[in-house]
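Below is one structure; the comments refer to it alone.
FYI, it's all coordinate maths here, none of it is from the lab. This structure is a prediction, so every number in the text was calculated from the model and none was measured. No Cβ is skipped: glycine too gets one built from the backbone with ideal geometry, and neighbour counts run over all protein chains shown.
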Amino acid sequence: MPLLSPANPKWRKPHTSKLNGIATDTFVSFGEYGVIALEPTFLTDRQIETVRVMLSRSMPKGGKYWIRVFPDRSYTKRPLETRMGKGKADVDHWEAAVVRGKVLFEWIGVDENFSKKLAKKISAKIGIRVKLIKRTEII
């Protein structure tokens, strides 16, 4: 399956941005459990695809998952042993900017112990600390 990338980006090579602040979407919207990022990072399209494959393989029959991040930022890289100058490099891959507290993945149809195991697996796949959160009823 091809990796995630935007269909029609407005700019191919944007300026680099910083990962400051805390996310505003810090609650579970679709599923029953989810993981939030405890560190700011850029998640690449390969990391998101790896977690997607892991979730689809380990999810039981009645389980469903949602991916709440999308790689909409391009990452440019120059070839090895190339001199500087001559413009900005070509797009190497796409990545998603993740700030602290952002919900990365959600799922439903599994119990709490299995959700804790999934959160540990996700943390190992993407290389940052994550925290398991549960959906709370808003009254």
Legend entry - Nearest 10 degrees, 0 to 90: helix 45-58 Cα axis against the chain principal axis: 20
Inset, instruction - Pull up the cross-link candidates among the aspartates and glutamates for Lys77, meaning alpha carbon to alpha carbon under 20 Å and not fewer than 8 places away within one chain. - result: Asp45, Asp90, Asp92, Glu95
Legend entry - Qualifying GluC sites (Glu not before Pro) in the range 21-125, DSSP loop, other Cβ atoms within 10 Å at most 12: Glu81
Inset, instruction - Please state, as a whole number in µm²/s, the translational diffusion coefficient that the Stokes-Einstein equation yields for the range 55-136 at 37 °C and 0.692 mPa s, with Rh defined as the Kirkwood radius across alpha carbon pairs. - result: 211
Legend entry - Spatial extent of the range 89-136: Rg and Dmax, with the Cα atoms as the point set, Å: 13.7, 46
Legend entry - Per DSSP, loop trypsin sites (Lys or Arg not before Pro) in the range 31-139 with at most 13 further Cβ within 10 Å: Lys61, Lys77, Arg83, Lys86, Lys88, Arg129
Inset, instruction - Mind checking which aspartates and glutamates have their Cα closer than 18 Å to the Cα of Lys64? Skip sequence neighbours fewer than 8 apart in that chain. - result: Glu32, Glu49, Glu106, Asp111, Glu112
Inset, instruction - Would you please calculate the Kirkwood hydrodynamic radius of the chain over all C-alpha pairs and express it in Å, rounded to one decimal? - result: 16.4
